[in-house]
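Inspection log for the structure reproduced underneath, given as structure tokens.
Computed from the coordinates by the stated procedures, all read-outs in this text should not be read as laboratory data. Keep in mind the model is a prediction, meaning the values are calculated, not measured. Quick reminder, even Gly has a Cβ in these numbers, built from the backbone with ideal geometry, and neighbours come from all protein chains shown.
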Amino acid sequence: MSNPRIAFIGAGNMAASLIGGLRAQGMDSKLISASDPGAEQRSKISAEHGISVFADNADAVNGADVIVLAIKPQAMKGVCLALAPVLKSNQLIVSIAAGITCASLQTWLSTAEAPTRPLVRCMPNTPALLRQGVSGLFANADVSEAQRQQAEQLLSAVGLALWLDEEHLIDAVTAVSGSGPAYFFLLIEAMTAAGEKLGLPAATAAQLTLHTALGAARMAVASDVDAAELRRRVTSPAGTTEAAIKTFQAGGFEALVEQALNAAAHRSAELAEQLGQ
Ligand SMILES: NC(=O)c1ccc[n+]([C@@H]2O[C@H](COP(=O)([O-])OP(=O)(O)OC[C@H]3O[C@@H](n4cnc5c(N)ncnc54)[C@H](OP(=O)(O)O)[C@@H]3O)[C@@H](O)[C@H]2O)c1
């Protein structure tokens, strides 16, 4: 694998996780830089990871092969317009910001010398903070094979990285895995509350639910059969699991999940439209 120099614009939670992941993979701290307007953020990330930090974004990108835009979506337009004149045409731009399209990035980063830029747009999720995330990645036509590998290496540092052939699928990724942790949190809340109503102490209901979620996810990930088959295997006819599953299905569980994910994907597309202005 290549050893690119990576610059992070924004030294917040996501940048810190990605840098931690890269360092854990053995990347030399000399190859990493970051910029952030906050002096506290800068000293924290520099003390933790031994990387160079800058107050000025232009200083951080100087000499970098890969530039990771790890700022809030609302800050993206201003940051890109200011960076465009100092970027080199062969520097790979990786955006992890929700709702910012390649078309918007291209417009904001375009200059006479570099009318188009190699761009990778990613949608990570919150468990990336524990290096247990999963991301969808889309590369535009200007990204070389070596740059694809660099982007994959970066996102793989905080979990699983999966390539998408079409950019619009980022909205579906947002609906499934981007927003997905919250759906599981909702189920955990509901199961814990129901366990309490069945008489369990609150802490016991919470621990039973959490460890069931973790165990089921680990089992499904490790299994060579799909979730439907795993469910069939633990659902005996006329047993307790069947009683619960039939109740879920009578309430329209699958259709409700589909509606919920459609709503999230629709909102993702709507936000991209607004943020691209
Ligand atoms: N956290 C997640 O799980 C997650 C998941 C998927 C996608 N993302 C995306 O990742 C991006 C970063 O999220 P985050 O959670 O890491 O946010 P964050 O913790 O707020 O980090 C953003 C950092 O950028 C700094 N910043 C603001 N303006 C800047 C500028 N002009 N130049 C350089 N740095 C600037 C912020 O400083 P101040 O605080 O001083 O403003 C902050 O330290 C977002 O676009 C988000 O959509 C995050």
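Some observations on this one:
- Selection count, the range 1-32, where residues are among the small types (Gly, Ala, Ser) and within 12 Å of the ligand (Cβ to nearest atom): 7
- Given (1) under 18 Å from Asn13 (Cβ atoms); (2) without any contact (Cβ under 8 Å) to a residue 40 or more places away in the chain; (3) in a helix (DSSP H, G or I), index of the condition Leu186 fails: (1)
- Pairs linking a residue in the range 241-253 that is under 14 Å from Ala228 (Cα atoms) to a residue that is among the basic types (Lys, Arg), with Cβ atoms under 9 Å and 6 or more positions apart or on different chains, are Thr241/Arg231; Ile245/Arg231.
- Selected residue (only one of Leu200, Leu210 is assigned to a loop (DSSP other than H, G, I, E, B) and surrounded by 13 or more Cβ atoms within 10 Å (Cβ to Cβ)): Leu200
- In the range 1-23, the residues that are in contact (Cβ under 8 Å) with a residue 12 or more places away in the chain and on the phi < 0 side of the Ramachandran plot reach residues that are in a strand (DSSP E or B) and within 6 Å of the ligand (Cβ to nearest atom) with C-beta atoms within less than 6 angstrom, at least six apart or across chains, in these pairs: Ile9/Ser35.
- Subset of the range 90-110 [under 10 Å from Gly276 (Cα atoms) and either surrounded by fewer than 22 Cβ atoms within 10 Å (Cβ to Cβ) or not aliphatic (A, V, I, L, M) (or both)]: Gly99, Thr101, Cys102, Ala103, Ser104, Thr107, Trp108
- Members of the range 213-230 that are touching a helix residue (DSSP H, G or I) at 6+ places or on another chain (Cβ under 7 Å) and either part of a helix (DSSP H, G or I) or of a type in the set (Asp, Glu) (or both): Ala213, Met219, Ala220, Ala227, Leu230
- First in the range 197-208 and within 18 Å of Phe184 (Cα to Cα), second anywhere and hydroxyl-bearing (Ser, Thr, Tyr), Cβ under 8 Å, 6 or more apart: Ala205/Thr192; Ala206/Thr192
- Identity of the residue in the range 37-81, touching a Leu at 6+ places or on another chain (Cβ under 9 Å) and of a type in the set (Val, Ile, Thr), that ends up nearest to the ligand (Cβ to nearest atom): Val79
- Complete set of residues in the range 124-142 that are within 8 Å of the ligand (Cβ to nearest atom) and assigned to a loop (DSSP other than H, G, I, E, B): Pro124, Asn125
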